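Input: a single structure, listed below in structure tokens.
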Amino acid sequence: AVGAVRGGGEAQDQKFLGHKVPLQLQPEIKGISNIIKPKRARSQKLCCVSCSEYRGLVKHTGGCHCGAVRFEVWASADLHVFNCNCSICTKKQNRHFIVPASRFKLLKGADNLTTYTFNTHRAQHTFCKTCGVQSFYTPRSNPDGYGIAPHCLDEGTVQTIITEDINGKEWEKAVKEHKTIRDITPSC
């Protein structure tokens, strides 16, 4: 992540898509983090469109409180939301549903995002620099997808929400035992 902040507040080395960034370019890409996906993710989206990944899904739109960050996401109108009890999800009352990266599009605000990581630094807790709202993030369980906060979706597209508790306090065990949390990849 570019300009990522780890627990304790120290700045990370400046990296973009896994590569070190020369000092003169860092101000131009600061804040983009993992929002811009490598070519593989873009070509995967084309594959998924051809295998009907979007059939039965609706386009939800949403964003942060101040409106600086806006996104769209393709998901069911009936959402399966995870309620995790790990330390960070408990503190910020994070409930989320997971989608593959190919079903998520950031519409605006890449320059207004910042990222917090801790522990294994795999999860990318991305939030708006202005209002502090995390409307989506990159989950540790699905680093090629996004966890979307259903309460950040605009009204009118969600029919039902089913909430499932997940024991994030024992993360490795919970993910290993869970039958569907990692099963977000299309079948093409």
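The values are calculated or read from the model by the stated rules, or taken from the named source; none is laboratory data. Note that this is a predicted model, so its numbers are computed, not measured. Ideal geometry is used to build each Cβ from the backbone, glycine not excepted, and the neighbour counts take in all protein chains shown.
For segment 140-178, which residues satisfy the criterion of being touching a helix residue (DSSP H, G or I) at 6+ places or on another chain (Cβ under 9 Å) and aromatic (Phe, Trp, Tyr)?
Correct list: 146 only.
Please count how many residues of segment 127-156 are touching a Ser or Thr at 6+ places or on another chain (Cβ under 8 Å), closer than 19 Å to residue 78 by Cβ and in a loop (DSSP other than H, G, I, E, B).
Residues flagged as touching a Ser or Thr at 6+ places or on another chain (Cβ under 8 Å), closer than 19 Å to residue 78 by Cβ and in a loop (DSSP other than H, G, I, E, B) within segment 127-156 amount to 2.
Give me the pairs, please: first residue somewhere in segment 152-171 and modelled with pLDDT of 95 or more, second residue anywhere and surrounded by 18 or more Cβ atoms within 10 Å (Cβ to Cβ) and among the hydroxyl-bearing types (Ser, Thr, Tyr), beta-carbon distance under 7 Å, and either six or more positions apart or on two chains.
152/135
Sort out which residues of segment 106-126 are surrounded by 15 or more Cβ atoms within 10 Å (Cβ to Cβ) and assigned to a strand (DSSP E or B), and write them in order of number.
106, 113, 114, 115, 116, 117, 124, 125, 126
The rows are residues; the columns are (1) of a type in the set (Lys, Arg); (2) closer than 25 Å to residue 176 by Cα.
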{"residue": "56", "(1), (2)": "no, no"}
{"residue": "62", "(1), (2)": "no, no"}
{"residue": "70", "(1), (2)": "yes, no"}
{"residue": "75", "(1), (2)": "no, yes"}
{"residue": "94", "(1), (2)": "no, yes"}
{"residue": "113", "(1), (2)": "no, no"}
{"residue": "132", "(1), (2)": "no, no"}
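Would you confirm whether any residue within segment 109-125 is within 14 Å of residue 152 (Cα to Cα) and either of a type in the set (Phe, Trp, Tyr) or modelled with pLDDT of 95 or more (or both)?
No, segment 109-125 contains no residue that is within 14 Å of residue 152 (Cα to Cα) and either of a type in the set (Phe, Trp, Tyr) or modelled with pLDDT of 95 or more (or both).
State all residues of segment 95-133 that are without any contact (Cβ under 8 Å) to a residue 60 or more places away in the chain and within 10 Å of the chain's Cα centre (by Cα); if no residue qualifies, say none.
Result: 96, 97, 104, 123, 125.
I need the full set of residues from segment 65-105 which are crowded, with 16+ Cβ neighbours inside 10 Å and farther than 18 Å from residue 151 by Cβ, in order please.
Within segment 65-105, 74, 86, 100, 101, 102, 103 qualify.
Kindly indicate whether any position in segment 127-140 is surrounded by fewer than 20 Cβ atoms within 10 Å (Cβ to Cβ), modelled with pLDDT under 80 and in contact with a strand residue (DSSP E or B) (Cβ under 6 Å, 6 or more places away or on another chain).
no
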